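Asks: Can you keep this structure in mind? I'll have questions shortly.
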Amino acid sequence: MSSQLWQSAAAVLDTNWARGHMVPSRRLYPHQWSWDAAFIAVGLAYVNPQRAWADLRNLFGAQWPDGRVPHIVFDPAVAEGDYFPGPGFWDVPAYADRPAHGSTGLVQPPMHAVAAWEVYRRATGHGAAAVAAARDELGWLYPRLCAQQEYLTGARDAGGRGLVSIVHPWESGLDNSPSWDAAMAAVPADLSLLQRYARRDVQVADITHRPTDTDYARYIGLVQSYRAGGYDDAGLAAWHGFVVECPAFNAIVAAADHALARIAEVVGADPAPHRERARRVTAAVVAHLWEPASRTFRSRDVRTGELSGRRCVNGLVPLMLPGLPREHVVAIMAEAESERFGMPSLSGLPIPSYDRTAADFDSYRYWRGPIWININWLLRRGMLLHGYEAQADELRTAMLRLIHRSGHYEYFHPATGEGIGEPAFSWTAALALDLLADRTAPVPAAARA
Ligand code: DGY
């Protein structure tokens, strides 16, 4: 299967290159998305490293003066009506040398330092000139990656506990995960908004596979609230309706600092502050997001102080942290291997996005059950990091088998493996390349730090 899968993955990445950047998919997501760009770069590193760097440059070229990296960078050649909510709805003013309406005001998990390190690592196999070029790219990115971390760990520490808060489920990347249900229940759902603003996603995708209208009314209301506050983060918990600490987002923040420590060594900067911040964020995740009764990580609603009652896959992602205490590692692996998440040994398939035994587990609806490759890729890295080689290999095989059988889909049915959502999805293809190429696995940068 390898060479066929390699060719098809490379072809998806080729198709999804659009005017100087990558799109997640042509129809449903016609602009550039932030955390997608990071996963995509990991795969482009094998087939077109210049594009990997160019894509990251396009994204960080849209960084705001306060350091935030927007969750979508809008392509001015795409019509307003081709995506909702589009540039006009976000109404972001001009900043630096960027014209108005160039991006959204939200962020996404900062996977980019990990990705940049992986792209650099691949260059070392391609001779001195390739390494020198990659080092220049790291030099350009490094201060921007630092500014991104400073924004997140500074302005976004809304709870004052050393954890980053998200202000919209879209910021998590796990849009309609049950992890947000309790916090979202308190957000008004004004369904009349959907008469004023038509959803574009359900014109191009199956409505039963997407977030509901009630979810969307709340998503739009939250954008309106953050936009009305000028996308300012001061005193967030007092005036904004959704302020939540996510274990996966925060684990990625800590992983970014581990990768930044490696990058700092290459570009001649001091790695020590990065290691120190990674240690602090890891300690805060363990101290504040661990739910002792169920022995899993949970998201926390900063406005109420409550941990989510739902077991979701974001609670397993801190496995990617090298500083995670052994008892937490063992507990997460037990959870991953339980009937709730069912490692391939139980289901033959990768890990789903939600507890399979939950009454409202939904095999089709986006992040409420289906399997996503990017999350499984992160979990596999965590397994390798903590010495679970057999399980990591099992997961790698299950992911590759699934993509080979079903295609480079956006997500997959957790019982049948049927492809759902977009059929030529960039990060699925990109991570397939990485899984094919890297049998023995990239020991994450963090492990060697
Ligand atoms: C979408 O359009 O569904 C995205 O997930 C929002 O970022």
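Asks: Based solely on C-alpha atoms, express the radius of gyration and the Dmax of the range 1-97 in angstrom.
Replies: So, for the range 1-97, Rg and Dmax equal 14.4, 49 Å respectively.
Asks: Follow-up. May I ask for log10 I(q)/I(0) of the chain at q = 0.10 Å⁻¹, from a Debye sum over the Cα atoms as equal point scatterers with solvent left out?
Replies: -0.64
Asks: Identify which of A113, A256, A284 has the largest mean-square fluctuation in a Gaussian network model of the chain, with springs joining Cα atoms closer than 10 Å.
Replies: Per the Cα network of the chain with a 10 Å cutoff, A284 tops the list.
Asks: Ok, one more. Quick one: order R277, R27, R57, R121 from most to least accessible surface, probe 1.4 Å.
Replies: R27, R57, R121, R277
Asks: Tell me, rounded to the nearest percent, the portion of alpha carbon pairs in the range 300-444 spaced more than 23 Å apart.
Replies: Distances greater than 23 Å cover 32 percent of the Cα pairs.
Asks: Sticking with this one: Considering the options A217, W239, Y151, tell which one lies farthest towards the positive end of the dipole of the chain, charges being +1 on Lys and Arg and -1 on Asp and Glu at the Cβ, about the Cα centre.
Replies: Y151
Asks: So, in Å, what gap is there between the alpha-carbon centers of the range 187-226 and the range 56-111?
Replies: 20 Å
Asks: Next question. Pull out a ≥ b ≥ c, the square roots of the eigenvalues of the alpha-carbon gyration tensor of the range 104-248, then state rounded if a/c is under 1.5, prolate if not and a/b is larger than b/c, and oblate in the remaining case.
Replies: It comes out prolate by the Cα gyration axes.
Asks: Using a 1.4 angstrom probe, figure out how much accessible area the range 341-392 has per residue, in square angstrom, rounded to the nearest whole.
Replies: Here the residues of the range 341-392 average 27 Å² of exposed surface.
Asks: With each label point set 7 Å from Cα along the Cα-Cβ vector, what nm distance links D232 and R279?
Replies: 3.7 nm
Asks: Probe of 1.4 angstrom, ligands and nucleic acids ignored: what's the accessible area per residue over the range 224-332, in square angstrom?
Replies: Per-residue value: 34 Å².
Asks: Additional query: Using only helices, what value at 222 nm comes out for the chain when you add -39,500 (n - 2.57) per DSSP H run of length 4 or more and divide by the total residues, to the nearest 500 deg cm²/dmol?
Replies: Result for the chain: -15000 deg cm²/dmol, rounded to the nearest 500.
Asks: Could you work out which residue, out of V114, V92, V204, moves most in a Gaussian network model of the chain, that is, has the largest mean-square fluctuation with Cα springs under 10 Å?
Replies: Largest GNM mean-square fluctuation: V204.
Asks: Rounded to the nearest percent, how much of the accessible area of the chain (1.4 Å probe, protein heavy atoms only) is carbon and sulfur?
Replies: Answer for the chain is 51 percent, counting heavy atoms of protein chains only.
Asks: Right, next: Students sometimes get this wrong: rank V253, V131 by accessible area, probe 1.4 Å, all chains present, largest first.
Replies: So, going from the largest accessible area down, we get V131, V253.
The values are calculated or read from the model by the stated rules, or taken from the named source; none is laboratory data. Bear in mind the structure is a predicted one, so any value in this text is a computation, not a measurement. Please note: Cβ atoms are built from the backbone with ideal geometry, for glycine as well, and neighbour counts cover all protein chains shown. Accessible surface is based on the protein model in full, side chains and every heavy atom, while ligands, DNA and RNA are left aside. Shrake-Rupley method; radii C 1.70, N 1.55, O 1.52, S 1.80 Å.
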